[in-house]
Each structure stands twice: as C-alpha cells, then as structure tokens.
Amino acid sequence: CVFNSSELKDIEFIRSNYYNKLELYRFSSSLDRFVGYTEYGVKQAEYFNSDPSIIGAMKAQREAYCLNNVGI
C-alpha cells in the first residue's frame, strides 16, 4: 500500500509478482488493472484483466488490507 493520506481515494494498492528477482506483472489500484513487464507477464496480465471477478477481488483488497493498516 502506498499512503498519501488516510482517505481511501488517496491510497494505492500494488501487488507485484516476481520470479527469480524479476517482476513479471503487477496490479495497480490507480489503474484498476494488471500490467505485464515480461512476455509471460503480459500474457498473464491480459488473462487477469479479462476476468472481472479477479479485478473486483483486487479492488476489494485495497479497502480490506490498506484501509485497516493506515495507522501502522
């Protein structure tokens, strides 16, 4: 979570997936989608972005995870 303030609209949730110290793909709540950084990561991002239930679950993680940890 990246905190700019304690308001939910100003909190960015980022979930990155790495393999062998190389970032493959990332979900960013500011974009509300996955972004791929390697050939494999781009394919995975396209798959995840095509499923609305995965995108909805990742959006919900911002509120469930980040908002509860604002004071930490």
Can you list residue pairs whose Cβ atoms sit under 6 Å apart, with the first residue in the range 59-71 being touching a residue at least 12 places away in the same chain (Cβ under 8 Å) and the second being assigned to a helix (DSSP H, G or I) and among the hydrophobic types (A, V, I, L, M, F, W, C)? Count only pairs 6 or more apart in sequence or on different chains.
67/8
How many of the residues in the range 18-72 are assigned to a strand (DSSP E or B), within 22 Å of residue 1 (Cβ to Cβ) and open to solvent by 80 Å² or more (accessible area, probe 1.4 Å)?
2
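The values are calculated or read from the model by the stated rules, or taken from the named source; none is laboratory data. Quantities reported herein were computed from a predicted structural model and do not represent experimental measurements. Don't worry about glycine lacking a Cβ; one is built from the backbone with ideal geometry, like all the others, and counts go over all protein chains shown. To get the accessible areas, we keep the full protein, side chains included, count just its heavy atoms, and leave off ligands, DNA and RNA. Shrake-Rupley method; radii C 1.70, N 1.55, O 1.52, S 1.80 Å.
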